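Undergrad: Mind having a look at this structure? Questions to follow.
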């Protein structure tokens with residue numbers, strides 16, 4: 001993936017997600033230039049610079065003097081919208097980590113500020129850009145499954161899961177009804193972001209089950225618990241049902257043109273040394289090719305985040321938005337309604353979109 005000039009960006013925050021963007025700049029120095037990382041104090045900035053070898057700042061003005069094309073806002077869910085508003089107020093393009101906000105009033109304030117300032121505001125939604133999902137979506141979009149009517153998503157939480165339902169079902173065109181409930185069950189804790197746990201400690205698994213009814217025959221089933229992200233005894237799955245076939249994870253059952261049944265799987269090609277995905281094939285044809293050098297060790301998340309940065313770079317230079325503003329706002333809005341419905345064990349009809 002070639003660019004005439006490096007994409008220059010800055011990052012606000014030093015959490016787990018912020019490090020993905022720092023790593024992207026280090027992995028792909030020919031494509032990206034990280035102009036700086038903003039932290040809350042001189043001490044934190046100096047420690048971060050020493051650990052990661054990147055320029056750091058503890059004052060906003062100093063960060064913006066590095067002239068980034070956009071700033072990636074990576075803060076807590078409660079703080080991220082305030083930072084996004086502050087950056088837009090200064091006329092800065094913003095790539096916001098997810099979600100945009102956690103309440104409806106703030107979502108509307110963000111939309112008004114973006115319209116007022118005319119800057120690019122995009123959402124750093126990356127899951128649909130995983131190589132796995134780009135390949136699966138390519139298969140679905142080829143028409144092999146016929147008309148897709150139902151998707152069961154058991155892979156990611158809240159707004160991410162809602163985004164993925166759209167990625168496979170297509171754009172929503174009207175009001176949607178959400179029916180949801182929450183289940184709590186005991187589970188042995190086997191992992192977290194810090195690593196695996198082997199002490200046998202019991203924890204709670206809070207699982208949300210929901211149906212999204214789009215009113216036109218299409219529906220999405222949402223089934224997720226946060227334990228799935230790091231558990232050794234829980235796995236992630238998805239199922240896409242169409243009129244001529246189904247996809248279950250990497251296996252596709254479908255009808256050929258003569259209506260005879262067939263079964264095929266996605267075939268992954270990885271770099272022999274780094275393990276990075278090079279390409280993915282389906283039924284003898286290529287459905288995904290990694291645009292980045294495969295000799296750099298990159299997880300699917302790293303590849304997706306780097307793709308987000310490339311797309312944002314194009315957007316601020318006058319190209320297509322990485323993630324349409326109304327999509328990101330709806331993801332956040334629908335996640336608010338999903339949480340409300342699940343806690344109430346209720347049905348909620350969303351009559352409008354932000």
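The values are calculated or read from the model by the stated rules, or taken from the named source; none is laboratory data. Not measured: the values here are computed from a predicted model. Note: ideal-geometry Cβ built from the backbone for every residue, glycine included; neighbour counts use all protein chains shown.
Undergrad: Looking for something farther than 24 Å from residue 248 by Cα and in a helix (DSSP H, G or I) - is there at least one such residue anywhere in the range 117-126?
TA: yes
For every residue, the table says whether it meets (1) within 23 Å of residue 124 (Cα to Cα); (2) surrounded by fewer than 16 Cβ atoms within 10 Å (Cβ to Cβ); (3) more than 18 Å from the chain's Cα centre (by Cα); (4) modelled with pLDDT of 90 or more.
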position	(1), (2), (3), (4)
155	yes, no, no, yes
174	no, yes, yes, no
185	no, yes, yes, yes
192	yes, yes, yes, no
200	no, yes, yes, yes
203	no, yes, yes, yes
219	no, no, yes, yes
226	yes, yes, no, no
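Undergrad: Another question, if that's okay. With 285, 265 as the choices, which residue is under 19 Å from residue 130 (Cβ atoms) and either loosely packed, with under 15 Cβ neighbours inside 10 Å or not assigned by TED's automatic domain parsing to the domain that holds residue 157 (or both)?
TA: The match here is 265.
Each row is one residue, and each column tells you yes or no for (1) over 26 Å from residue 299 (Cβ atoms); (2) surrounded by fewer than 18 Cβ atoms within 10 Å (Cβ to Cβ); (3) outside the structural domain of residue 287 (by TED's automatic domain parsing); (4) touching a strand residue (DSSP E or B) at 6+ places or on another chain (Cβ under 6 Å).
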site: 61; (1), (2), (3), (4): yes, yes, yes, no
site: 64; (1), (2), (3), (4): yes, no, yes, no
site: 68; (1), (2), (3), (4): no, no, yes, yes
site: 95; (1), (2), (3), (4): no, no, yes, yes
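Undergrad: Would it be correct to say that residue 20 is outside any loop (DSSP other than H, G, I, E, B), more than 24 Å from residue 110 (Cα to Cα) and in contact (Cβ under 8 Å) with a residue 60 or more places away in the chain?
TA: Spelling it out, residue 20 is indeed outside any loop (DSSP other than H, G, I, E, B), more than 24 Å from residue 110 (Cα to Cα) and in contact (Cβ under 8 Å) with a residue 60 or more places away in the chain.
Undergrad: May I ask you to list pairs of residues, at least six apart or on different chains, whose Cβ atoms are under 9 Å apart, with the first in the range 328-347 being assigned by TED's automatic domain parsing to the domain that holds residue 96 and the second being buried (at least 22 other Cβ atoms within 10 Å of the Cβ) and outside any helix (DSSP H, G or I)?
TA: Cβ pairs passing all conditions: none.
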